[in-house]
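J.: Okay, here's the structure, questions in a sec.
A short reminder: the numbers here are calculations on the coordinates, not readings from a lab. Only a predicted model underlies this, so the values are computations on that prediction, with no experimental measurement involved. Cβ atoms come from the backbone with ideal geometry, glycine included; neighbour counts cover every protein chain shown.
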Amino acid sequence: MSMRISSKTIYDVGVGQISSLQTALARTQQQLSTGRKNLSAADDPIATARALEVTQSQSINTQLVTNRSNAKGTLSMETVALASSTAILQDVKTLAVNAGDGSMTQKDRESLATELEGRLADLLGQANTADGTGGYVFSGYKSTTLPFTQTATGAAYQGDQGQRELQVGSTRKLPISDSGASVFENNASGNGTFATGADPANYTRGGSGIISAGSVKDATQLTGHKYQVDFQVVPATPGVPKVTTYTVTDLTLNQPVPAAPVPAVPQAYVSGQNITFDGVQFDVKGDPADLDNFTVQPSTKQSIFTTVTDLIAALRAPGDGPAG
Amino acid sequence: MSSLLSIGKSGLLAAQVGLSTTGNNITNAGVVGYSRQAAIQSDTATLDQGFGFVGTGTEVTAVRRYYDNFLAVQLRNAESNQASLDAYTKQISQIDNLLADPTAGLSPALQDFFNGVQDATSNPASAASRQAMLSTASSLASRFQGLSARLSEIASGVNGQITSNVGEINSYATQIAAINKTIAGLSTDGKAPNDMLDHRDQMLTELNKLIKTTVIPGDNNTLTVEFGTGQPLVVGGTAFQLATSNSPTDASRVTVGYQSDSGVFSALPESVLTGGQLGGLVSFRNGAMDRAQNSLGQVAAGLAVSFNAQHVLGQDQNGALGTAFFNPINAYVGVNGHNSPLSTADVTAVVTDASKLTASDYSVDYDGTNFNVTRLSDGQITQINPFPQTVPQTIDGVDYTITGAPVTKDNFLVRPTYTAADQFGVAISDRTKIALAAPIATAAPTANAGNAKISAGTVDVNYLTPGNALAAPVTLTFDKASGSLSGFPPAQDVTVTVNGVATVYPAGTPTVPYTDGAAISFGGVNFNISGTPADLDTFTVGPNVSGVGDSRNGALLAGLQTKNILDNGNATYQTTYAQMVNFVGNKAREAQISGSAADAAVAQATTQQQSVSGVNLDEEAANLLRYQQAYQASGKVMQVASTLFDVLLNLR
C-alpha cells in the first residue's frame, strides 16, 4: 500500500534537504577558513581536551628553550670571566717566577710589585663582573651586591654562597652561577692537604734548611693534626763529625710521633731524605741549625686575593738576605 | 416525480457540501495544523412501496476531519523533545563556542602567566621581567573574569527565557481553557467543530514545544492538560497559572512555580519541568551551566589558593616574606529567604585548600542542635563539630565559620567555586612584592677544614608559624669527638630523617648526632648536610639577606603549572580546565546528536501525521471533478424529473 503524501510534505522534504546540505557546506567552508577540523569542543570532545594538554606541553617546552638560552647566556658570561681570570693568574705566575731571579734589586722587585698590583686590580675586576642587567655574576643570591671589595690583606667577599639555578628541562635544574666564595676564596693552601712552613727564627739561628711542599703518602693515615719538626745539632768535635737529628711532635695531641717512647728517639737527619709519618711525606734540604723547627699543618682555604696581596708585600719586603 | 426531484436535489446539495469541503481543503492546504476534511455522505431512508424498498436520495451526515489521535500525540511528543534539545543545544553551543577558540579560551592566558613566572625566575632582579609577570597575571585574571562574566550573561539569558516561556505557557493554557469551553458548547450530538479542534490541537502542539504535557480527553470534547508528574495546567475550562520567582538562596536565579489567584507563589521542583524549551533550559542550567561555572571556578580558586600558599613561603625583593599574590576566594553563601526572622546565624566560607576543593555546591542546615553541611553532588553530610565554633572547620578545602544564634530549619547554600572565577584578581601591584627568592640561605664557611656541604635549603608552611622565621643566622658546629652537631635554636624540635626514618630531638636537645646526607629540619627550615666535616666546622642557616638574585621560590611557583594539585592531587590546572572543556563538548555533542535524532523523529512523525491529515492537492483536484460531476449528474436527475413532469402536463 502506498502512503498518502500531502502536498506540504513534498515541499517540506525538498526544502529540508537543501537546508541541511547548505549547513554542511557552510561547516566545511568554516573548517577550510580556520584550518581546523574541530571547530568546537563538541566536534570531538576527547581530542579537544587532549589538544589543550598538548598545547600546555608545547608552551612549556618553548619556555624551557628560552630558559636554556638564558642559562647559556649567564654561563657564557661566567665562562668569559673565568677565562680572563685564568689568563691573569698565568701572568701572576710568570711574574712570581721572574721575581725568583736572584740578580734582582729591590727596585726591580718594586716594579714587579707594581705590575702585580695592576694584575690584582684586573683580577678583582673579573671577580666583580657585572651581568649586564644591574647584577653581578659572582655574588651568589645577592646579585646586586658588589661581590669583592679590596682590603689591606686581599679582598672581602660581600656576597653569599648561593648558587642560582634555572629549570632547563621538565625535571632538570641547571646551576647557572658560582659564588665568589667558591671560585676565588676556596683555594687550599700548601699542597691541598697540608701546608709546610719554616720558623722565621731559623734564619737568625743561621740554619739554612728548606722544607719541601710535601705530598700525601697514605690518605688513610691522615690525621689532620698540626705537627712540628725540631732539629737538634751536636757540633763537631775533633774526630767526631757534626750530628744533626730531628724529632716530630704532634702539637694537636701534644705527644711525640710515634707516640711511644717518651721522650722520642731523635732521628738522624739526611739532607733531601724523605721524612714520613701519619700519611704525610716531605723532605728538608740544607743545613738546619740547632733548635730550628718546621711546621706541618692541615691546609686552610685562602683567597686568591690574599695570596697575590701577600706576594706583593713579600716583594716589597727588604730582601737583602742571602739567597734561600 | 416529486421524489425524483427531491432525490436529485439531495444529490445536488450533497455535491455542494462536497465541493465546499474540497474547496476548503484546497484553500487551507498550507495552513499549519489544518486537518483535511471530508463530507461523509450516506443514503437517506428507503420507503417500502409494497414491492420493495425505494431509495429517497442522499444526505451528508457529517463533515469529518481526518485525524489520528495516536499519530498526533506521537508528533507532539517528538516536537516537544526536539524543542527541548534545541533550547539546550542553543545554550550549550554558546559555552562551547566560548571555549572553542584556541586563542580566546583560558588556556593561552594560563600558559602566558606561567611563562611570565618562568621569565621572572630566570631574571629575578630584572624589573622588566617582574613587571611582565604581573601583567600576565592581570591578563589571566581578566580572562577568568571575562569567561565568568560571559557565563553569567548566559545564565541571565536563561533566566529571561524561562520567564518568557512561563508567560507563553500561561497564555496557551488560558487559550486552551477558553477553547475547551467553546468546543464543549458547540459539541452536540457527537458533532464537533473541526476548525476549533484543529486550533486547539495546534495550541497543544505549540504548548508542547514549551513544556511536555499529557493530554487526557474529558466530557464534551474538552481536554485536561497536565505536565511533569501530573501537575495540572488546564482542566476543562479552567487554566492554572505558573509564575517565576527568584530562588530563596540565590537571587540571580529564577524558579518556576504555581501562582494562586491570591498571588501566593509555590515553587515547583525542577524535576517536573521536563520537555519543551523550558525543560531544555532547566536541564541546561542544572547540568551544564552550573557545572561549567563551578569547574571554571575550581581552576580559579585552586590556582589562587595554591599559588598563594607557595608565594607566602618566598621572600620578595625587599627582603620581606611574601604576601598573597592573588585575592582570597570567598565562597558564595546564599541565605535562604525563608529562614526565620529571629535567626541571627551567619555563615562565611573561604577556600583554603586547592587539593581538597570540589566543584560541588553545599547545603548548610541547622537541625535544632547541629549544623550539617551536605555536599550536594553526592549527599555526603559533615557535621559542624563543635558548635558553637572556636576555630573555623575545614570541609573539602573550605573553611566554614558560623556565627550568631540559629533557629531550627535555617538553611544556607554555599557555593565555593561558583563565583571564584569572577573573584580571581591579582592582590599585589608592586613588582618588588613578588616573592621569587627563598627566605633562607645556607653557607659552609671557607674556613671549614672538612669537605662537608650544606644544601641550599627550603622552607615549608611551619616556617610561617610566629617565632619560626629566622631573624639571624643559626650556626651549627660539628664536634668530631661525639660526631654531633650543636647550635640548634633552643625553642624548636629538630627532626633528622635518614633513609625515610625520622627521629625527633625535642626542643633544647643540646647535640644532635650527625649522619652523612641526612635531612635536617627545624621550625619549617629543611636542609641536608653531606660529606665529612672536620672538628669545629660550622654551617650557617640564616635569613636570605639581599638575596635579590635568588629565584628558588620562583622555580617552585613555576613548577605548580605541571604539578597535580587539584582534585586530591590528581589534576593540574590545565587538566581540570581541559576536563571542563571536555564536559561541555560532550554535552554539546550529546545534544547535537540527540537533536538530529529528534529532528528525524519529528520528520517521521510529521510524514505519518500528514499522510492521514495532510491535504494532497492532486487528490482534491480529483474530488473537485468528482463532486462537479456529481453535481451535474444530480442536476440531470432534476432535469429528468422536470421533463417527466412536462410529459404529465402535456397529457391533456
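J.: Extension gain B:His338-B:Ser596, at 0.36 nm per residue separation less the Cα-Cα distance, in nm?
T.: 88.6 nm
J.: Using the per-residue mean of other Cβ atoms lying within 10 Å as a proxy for protection, in what order, highest first, do the peptides B:534-541, B:610-617 fall?
T.: Highest-to-lowest ranking by the protection proxy: B:610-617, B:534-541.
J.: Can you work out the FRET efficiency for the pair A:Ala47 and B:Gln16, with r the C-beta to C-beta distance and R0 = 60 Å, to the nearest 0.05?
T.: 0.30
J.: In addition: Using alpha carbon centroids, what distance separates the stretch A:48-113 and the stretch B:208-284, in Å?
T.: Cα centres, the stretch A:48-113 to the stretch B:208-284: 80 Å.
J.: List A:His225, B:His311 from most exposed to least, where exposure is judged by having the fewest other Cβ atoms within 10 Å.
T.: A:His225, B:His311
J.: In nm, give the distance between the simple-model label positions of B:Thr188 and A:Ser2, each being 7 Å from the Cα along the Cα-to-Cβ direction.
T.: That separation, rounded to one decimal, is 4.5 nm.
J.: Kindly list the residues of the stretch B:597-611 that lie in the label zone of A:Arg27, defined by a backbone N under 20 Å from the point 7 Å along the Cα-to-C-beta vector.
T.: Answer for the stretch B:597-611: B:597-604.
J.: Within straight cross-link reach of A:Lys72, meaning Cα distance under 17 Å, which aspartates and glutamates are found once same-chain residues fewer than 8 apart are removed?
T.: A:Lys72 reaches A:Asp131, A:Glu165, A:Asp178, B:Asp119.
J.: Can you give the average number of partner chain beta-carbon atoms within 10 Å of each beta-carbon in peptide B:436-442, as a whole number?
T.: Neighbouring Cβ atoms belonging to other protein chains average 2 per residue here.
J.: What order do you get for A:34-44, B:339-349 when each peptide is scored by the mean count of other beta carbon atoms within 10 Å, highest first?
T.: Ranking, from highest mean packing down: A:34-44, B:339-349.
J.: Here is a follow-up. Using helices alone, what [θ] at 222 nm do you get for chain A, with -39,500 (n - 2.57) per DSSP H run of 4 or more residues, divided over all residues and rounded to the nearest 500?
T.: So the helix-based figure for chain A works out to -13500 deg cm²/dmol.
J.: Counting other Cβ atoms within 10 Å of each Cβ, which trypsin sites (Lys or Arg not before Pro) in the stretch B:430-490 have at most 12 and sit in a DSSP loop?
T.: Nothing satisfies the criteria.
J.: Considering the zone a paramagnetic label at B:Leu4 would reach in this model (a point 7 Å from Cα along the Cα-to-Cβ line), which residues of the stretch B:609-642 have amide N under 20 Å from it?
T.: Only B:630-642 pass the distance filter.
J.: Can you tell me which of B:364-376, B:208-220, B:381-393 comes out highest on packing, and rank the rest after it, using the mean Cβ neighbours within 10 Å?
T.: Highest mean packing first, the order is B:208-220, B:364-376, B:381-393.
J.: May I have the pair-distance distribution P(r) for the protein assembly as shown, computed from all Cα-Cα distances with 20 Å bins from 0 and rounded to whole percent?
T.: 10, 25, 22, 16, 12, 8, 4, 2, 1, 0, 0
J.: Per-residue Cβ counts within 10 Å, from other chains only, averaged over B:584-593: what number is that?
T.: 4
J.: Using a 10 angstrom cutoff on alpha carbons, build the Gaussian network for chain A and name the most mobile of A:Thr86, A:Thr153, A:Thr23.
T.: A:Thr23
J.: Right, something else. Apply 1/(1 + (r/R0)^6) to the Cβ-Cβ distance of A:Gln58 and B:Tyr66, taking R0 = 56 Å, and write down the FRET efficiency to the nearest 0.05.
T.: Here the calculated transfer efficiency is 0.30.
J.: Can you give the mean number of other chain Cβ atoms that lie within 10 Å of the Cβ atoms in peptide A:33-41?
T.: 5
J.: Separate question: Work out from phi, with θ = phi - 60° and the Karplus expression 6.51 cos²θ - 1.76 cosθ + 1.60, the ³J(HN,Hα) of each residue of the stretch B:33-47, listed in order in whole Hz, and give x for Gly and Pro.
T.: Result, ordered by residue: x, 6, 10, 4, 10, 9, 7, 9, 10, 9, 6, 7, 4, 8, 10 Hz.
J.: Could you go through the stretch B:369-377 in sequence order and give the Karplus-derived ³J(HN,Hα) for each residue, using 6.51 cos²θ - 1.76 cosθ + 1.60 with θ = phi - 60°, rounded to whole Hz, and x for Gly and Pro?
T.: 10, 10, 8, 10, 9, 9, 7, 6, 5
J.: Given R₀ = 45 Å, FRET efficiency for A:Ala259-B:Thr323 by Cβ-Cβ distance, to 0.05?
T.: Once the sixth-power term is evaluated, E becomes 0.10.
J.: Output ³J(HN,Hα) for the stretch A:41-50: one whole-Hz value per residue in order, computed from phi by the Karplus curve 6.51 cos²θ - 1.76 cosθ + 1.60 with θ = phi - 60°, and x for Gly and Pro.
T.: 4, 5, 5, 7, x, 5, 5, 5, 4, 5
J.: Then there's this: Once the convex hull of the alpha carbons of the stretch B:5-113 is built, what does its volume come to per residue, in cubic angstrom?
T.: 112
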